[in-house]
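Following: one structure in structure tokens, then a few remarks.
Read-outs: derived from the displayed coordinates by stated rules, not from any lab. This structure is a prediction, so every number in the text was calculated from the model and none was measured. Every residue, glycine among them, receives a Cβ derived from its backbone with ideal geometry; neighbour counts consider all protein chains shown.
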Amino acid sequence: MISHEPLPWNDSYLTGIERIDDQHRVLVNTLNEANARLAVGVTREALEQITRSLLSYALYHFETEESLMQQYGYAKLDTADAEKHRGEHRSFSQQVVALREGLHNGNLVTREELLSFLNNWLVNHILHTDKRLGQFLLSHGYSRPG
């Protein structure tokens, strides 16, 4: 069982890429809002809304990262890591879609199952995969837009 405490944002999640970091903050806040909403009760409607919102924003975020990967030649210079990174995005999306399909078939998940999956995936993806991308972008000429 996981803690029902909110996932606190901390500087260890920073990638050095402001756009990515801002989107990660939104994702962490979204998970914390889901935690609070599910504390009131786990309903199909709540789970559907949470997973719909999360998937929508995650796809937007993945598009941002993958656009930067393409723009800075990540796949050409680090093919294996770029493929792994995109694969993690696809895997996450597929898992959320499968969860949503299960909800439509009447299979509810518990608060603990959902939050454990989401928190673990997000923290691991940020700390390992996204931080490597941030280091790559910074070392290959990324400059803040504006």
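Summing +1 for each Lys or Arg and -1 for each Asp or Glu, what net charge is found among the other residues whose Cβ lies under 13 Å from the Cβ of E45?
Computed value for this residue: +3.
Per DSSP H run of n ≥ 4, the term is -39500 (n - 2.57); total these for the chain, divide by its residue number, and report the mean residue ellipticity at 222 nm rounded to 500 deg cm²/dmol.
-24000 deg cm²/dmol
For V28, V123, which order do you get if you count the other beta carbons within 10 Å of each Cβ and list the fewest first?
Starting with the residue having the fewest Cβ neighbours, the order is V123, V28.
For helix 18-40, report the angle its Cα long axis makes with the longest principal axis of the Cα atoms of the chain; keep it between 0 and 90° and round to the nearest 10°.
Helix 18-40 sits roughly 10 degrees off the main axis of the chain.
Have a look at A39, L103, T15 and report the one farthest towards the positive end of the charge dipole of the chain, computed about the Cα centre with Cβ charges (Lys/Arg +1, Asp/Glu -1).
L103
Would you mind ranking T79, T64 by Cβ crowding within 10 Å, fewest neighbours first?
The fewest-first ordering by Cβ neighbours comes to T79, T64.
May I ask you to sort S93, S67 by Cβ crowding, counting other Cβ atoms within 10 Å and putting the fewest first?
By the 10 Å Cβ count, ascending: S67, S93.
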